[in-house]
Amino acid sequence: MLTPTAVSSNMVGTEFDSLMMQRCLQLARRALGRTSPNPLVGAVVVQDGEIVGEGFHPCAGEPHAEVFALRAAGEKARGATIYVSLEPCNHYGRTPPCSEGLIAAGVSKVVVGMVDPNPLVAGGGIARLRAAEIEVLVGVEEAACRQLNEGFIHRIVHKRPLGILKYAMTLDGKIATSSGHSAWITNPDARSEVHQLRAACDAVIVGGNTVRQDNPFLTCHQWDGNNPLRVVMSRSLNLPEDARLWDVAEAPTLVLTQEGSSPDFQKMLHGKGVKVIELPLLTPDHVMAHLYELGFCSVLWECGGTLAASAIAQGAVQKILAFIAPKIIGGSHAPTPVGDLGFTTMTEALRLENVCWRVVGSDCLVEGYLPQKSQ
Ligand SMILES: Nc1nc(O)c(N)c(N[C@@H]2O[C@H](COP(=O)(O)O)[C@@H](O)[C@H]2O)n1
Ligand SMILES: [Zn+2]
């Protein structure tokens, strides 16, 4: 873990800049799962090789990271260098432009992690600072900055939240036995990692089958994080009356269905505090469009194979997280993580990009991105 005391004024420029930017990212992560539709941003003010102020963006509507860092630095911001993981904004949104705040505070240098993809900023913040004769360095720890805000970037560029499909399967590619039993495929460490992942997402989606078969909680459990909105997609509303997801004391639940489906069941859900919305067409793309309108940046699909295949086919999934447990259960009718995609030859296979894998307890996690569809 990085701490402010790790700062050494003897460090060479680039190494020191990287360290300070990593500190910005560490600060930014304190608001994980709480900032959408805004990004996660951290800022650090450095004077004579010492950190004199730090801040992060806590949630949309609150001041930006730079403002908190400048406030903490006070008069020491004059002539200082500020590190910020995202380009300072240059527009009046819910808050005034940070570029003007930095100029007014008298900083002499701004080190930026990445350019803001928001068209309202998009280099304008950097240009404004340079016009005020402030030195600006761009792209320190850029890959890590982009990784932290991949959901925000996807939202801005594609006008949809980033879709992440997570599943857990056995070594023979099954997500449950033929009878539907699946507790548990992976080890406690892997399950704990999923709980942590939920805290970083704005919503988690399942279909009716998962509610009927698994009766999940879909919360962060032991993690002191933000519980995502739990979303159930069900056309028929043929769902159990006593599902755990209808208990909204810990986390909210939204049921998305089609127009006119089971008014009585809808009434029962309303009575329990579960929100129900009827969409004209209940498809993964319409669901993602709805979640975009709610301001979401990242959405976790924790559904079964049929819904997962449909979400992939409709471009509602960009990232895959596959936990693989070294267990074999067999069963020619045991469900698999992705249903029919209509492919008949291996040449049609979706080859993941930027793949990495690591061991989690006794299981393996494979992570990668689906190839982007050409527009
Ligand atoms: N540089 C920077 N630091 C932060 O802490 C931020 N939250 C942002 N966000 C950028 O500004 C937009 C939101 O503005 P309002 O909070 O509505 O004023 C957001 O879309 C980002 O482009 N930037
Ligand atoms: Zn700002």
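The values are calculated or read from the model by the stated rules, or taken from the named source; none is laboratory data. A quick note: this is a predicted structure, and the numbers were derived from the prediction, not measured. Note: ideal-geometry Cβ built from the backbone for every residue, glycine included; neighbour counts use all protein chains shown. These area figures cover heavy atoms from the full protein model, side chains too; ligands, DNA and RNA do not enter into them. Shrake-Rupley method; radii C 1.70, N 1.55, O 1.52, S 1.80 Å.
Taken across the range 184-200, residues that are open to solvent by less than 70 Å² (accessible area, probe 1.4 Å) and under 21 Å from N238 (Cα atoms) do not occur at all.
Candidates are the residues of the range 92-106 that are more than 11 Å from E66 (Cβ to Cβ) and more than 8 Å from ligand 1 (Cβ to nearest atom); the one that is most open to solvent (accessible area, probe 1.4 Å) is A104. Counting only residues that are in a strand (DSSP E or B), more than 22 Å from D214 (Cβ to Cβ) and not β-branched (V, I, T), the range 332-363 holds 5 of them. Within the range 203-219, the residues that satisfy the criterion of being assigned to a helix (DSSP H, G or I) and farther than 9 Å from V232 by Cβ are N209, R212, Q213, D214. S99 meets each of the listed conditions (1) within 8 Å of ligand 2 (Cβ to nearest atom); (2) touching a residue at least 60 places away in the same chain (Cβ under 8 Å) apart from (2).
Here's the yes/no breakdown for (1) more than 30 Å from L281 (Cα to Cα); (2) hydrophobic (A, V, I, L, M, F, W, C):
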site: I320; (1), (2): no, yes
site: A334; (1), (2): no, yes
site: G339; (1), (2): no, no
site: G342; (1), (2): no, no
site: L350; (1), (2): no, yes
site: V355; (1), (2): yes, yes
site: D363; (1), (2): yes, no
site: L370; (1), (2): no, yes
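Note on the range 336-368: residues that are in contact with a Lys or Arg (Cβ under 8 Å, 6 or more places away or on another chain) and open to solvent by 50 Å² or more (accessible area, probe 1.4 Å) amount to 1.
Can you spot a residue in the range 185-199 that is at pLDDT below 95 and among the aliphatic types (A, V, I, L, M)? Scanning the range 185-199, I find no residue that is at pLDDT below 95 and among the aliphatic types (A, V, I, L, M), so the answer is no.
Restricting the first member to the range 356-375 and to residues that are under 16 Å from L197 (Cβ atoms), and the second to residues that are among the polar types (S, T, N, Q) and open to solvent by less than 50 Å² (accessible area, probe 1.4 Å), the beta-carbon pairs closer than 7 Å and six or more apart or on different chains are G361/N187; D363/T186; D363/N187; Y369/Q318. Within the range 292-308, residues that are on the phi > 0 side of the Ramachandran plot sit with their Cβ atoms under 9 Å from residues that are open to solvent by 20 Å² or more (accessible area, probe 1.4 Å) and assigned to a helix (DSSP H, G or I), at 6+ positions apart or across chains, in these pairs: G295/R155.
State yes or no: is V157 without any contact (Cβ under 8 Å) to a residue 60 or more places away in the chain, open to solvent by 20 Å² or more (accessible area, probe 1.4 Å) and among the β-branched types (V, I, T)? Against the criterion (without any contact (Cβ under 8 Å) to a residue 60 or more places away in the chain, open to solvent by 20 Å² or more (accessible area, probe 1.4 Å) and among the β-branched types (V, I, T)), V157 qualifies.
Taking every residue in the range 106-124 that is on the phi > 0 side of the Ramachandran plot and pairing it with any residue that is more than 14 Å from ligand 2 (Cβ to nearest atom), at least 6 positions away or on another chain, the pairs with Cβ-Cβ distances below 6 Å are G106/R78.
Residue-wise test of (1) farther than 30 Å from L294 by Cα; (2) within 16 Å of ligand 1 (Cβ to nearest atom); (3) acidic (D, E).
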| residue | (1), (2), (3) |
| --- | --- |
| L25 | no, yes, no |
| R29 | no, yes, no |
| I51 | yes, no, no |
| G61 | no, yes, no |
| H64 | no, yes, no |
| L70 | yes, yes, no |
| A73 | yes, yes, no |
| G79 | yes, no, no |
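Taking the criterion of being open to solvent by less than 20 Å² (accessible area, probe 1.4 Å), farther than 23 Å from I103 by Cα and within 16 Å of ligand 2 (Cβ to nearest atom), the only residue of the range 33-67 that qualifies is T35.
Out of curiosity, is R30 among the basic types (K, R) and either out of contact with any Ser or Thr (no Cβ under 9 Å at 6 or more places or on another chain) or within 16 Å of ligand 2 (Cβ to nearest atom) (or both)? Criteria met by R30.
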